[in-house]
């Protein structure tokens with residue numbers, strides 16, 4: 001039986017929310033039913049795919065979803081967790097039912113600059129922060 005329903009939300013559902021979803025699924029198993037979505041869904045960020053693959057997690061087949069489509073479908077989540085910058089957090093719709101909203105901002109990998117190696121290094125930092133935050137969240141919510 002699936003556990004608590006969790007939705008991770010970010011701007012494009014192309015990196016941060018996808019990373020958080022993948023790690024929660026990996027670390028928590030069936031204790032949580034986890035999904036992710038974005039305000040403006042876009043293609044997966046290649047840096048996110050690459051740094052997750054380095055950590056043994058393949059997100060290359062994931063597709064971005066719209067948070068507003070999930071809302072229109074009447075989807076119910078116990079936890080809606082925004083992982084985008086604070087300025088976008090207020091754009092997340094109120095979901096039906098009893099929902100606890102959490103905000104855990106992370107830098108946006110699509111905004112990274114520099115050489116590919118510099119961008120990868122910065123994306124690894126973001127990935128590792130998300131991984132640790134998700135681990136802490138699982139402990140808190142379990």
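The values are calculated or read from the model by the stated rules, or taken from the named source; none is laboratory data. Because the structure is predicted, anything quoted here is derived from the model rather than measured. FYI the Cβ positions are ideal-geometry reconstructions off the backbone, even for glycines, and counts take in every protein chain you see.
Yes/no matrix, rows are residues, columns are (1) modelled with pLDDT under 90; (2) within 16 Å of residue 38 (Cβ to Cβ); (3) surrounded by 14 or more Cβ atoms within 10 Å (Cβ to Cβ):
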| residue | (1), (2), (3) |
| --- | --- |
| 69 | no, yes, no |
| 83 | no, yes, yes |
| 99 | yes, no, yes |
| 124 | no, no, yes |
| 128 | no, no, no |
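Anything in the range 105-118 that is touching a residue at least 40 places away in the same chain (Cβ under 8 Å) and touching a helix residue (DSSP H, G or I) at 6+ places or on another chain (Cβ under 6 Å)? List them, or say none. Hits for the range 105-118 are 106, 109, 112.
Taking the numbered list (1) in a helix (DSSP H, G or I); (2) within 12 Å of the chain's Cα centre (by Cα); (3) within 24 Å of residue 97 (Cβ to Cβ) in turn, residue 13 passes all entries but (1).
Among the candidates 47, 70, 102, 120, the residue that is under 14 Å from the mean Cα position of the chain (by Cα) and on the phi < 0 side of the Ramachandran plot is uniquely 102.
Here's the yes/no breakdown for (1) touching a residue at least 40 places away in the same chain (Cβ under 8 Å); (2) more than 24 Å from residue 121 (Cα to Cα):
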| site | (1), (2) |
| --- | --- |
| 9 | yes, no |
| 26 | no, no |
| 41 | no, yes |
| 60 | no, no |
| 69 | no, yes |
| 78 | yes, yes |
| 83 | yes, no |
| 87 | no, yes |
| 95 | yes, yes |
